[in-house]
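To keep things clear, I will list the structure first and then write my remarks on it.
Throughout, read-outs are computed from the coordinates displayed, never taken from laboratory work. Fair warning: this is a prediction, and the values are worked out from it, not measured in the lab. Cβ atoms come from the backbone with ideal geometry, glycine included; neighbour counts cover every protein chain shown.
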Amino acid sequence: MTKTKEASLSMKRLSKLVACGLVASPLLLSAPAVAGGKGYIAPEAALALTDDIKMTGTAFEPDTKPTLLVPAKPRYPLAALADNTEGWVVVELDITEKGIPANTKILASDAGKVFHKTSLAALKKLRFAPATHKGEPVPVTGKRYKITYALAS
């Protein structure tokens, strides 16, 4: 089966779920389809970009921390949307001296693996102004973020 046909079937299944009242239609109206039918961009899914989770593994404290330049919005997986699943994922990544995420991994989540793939995909799209030490860009390791997935109420 082709990806286009799979996407079409997924959209039909989702439409039936909306018609049966199993999925809230306002969410579908506010969330545009993603090419290929792989998920919806949910306004409620966002990276919690806070520095309250400390960097681990960096041998020194940089003079400046990495600063987010290019944000990314995680896609809400169709399976989670259809099941009205909400949850969070804590991720860890390294940031190179060029501001590019590397070595991304999932540390914890409260909804099984349903949000893992979309969380890791969103992290790869992030771009940062790198951390600096004595005026030079430096890599950092162990930067952690929490991604929260919530449905419209």
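A 20 angstrom limit on the alpha carbon distance is what I want to check against. Which of Lys73/Lys124; Lys105/Lys134; Lys65/Lys113 exceed it?
Result: Lys105/Lys134; Lys65/Lys113 exceed 20 Å.
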Can you give me the pair-distance distribution of region 67-138, C-alpha pairs, 5 Å bins, whole percents?
3, 16, 22, 20, 15, 10, 7, 4, 2, 1, 0
For region 101-153, the Rg and Dmax computed from alpha carbons only, in angstrom:
14.2, 48
Can you sort Arg127, Arg75 by how many other beta carbons sit within 10 Å, fewest first?
Arg127, Arg75
Those residues of region 116-153 whose amide nitrogen sits under 15 Å from the label point placed on Thr96, 7 Å along Cα→Cβ:
124-131, 137-141
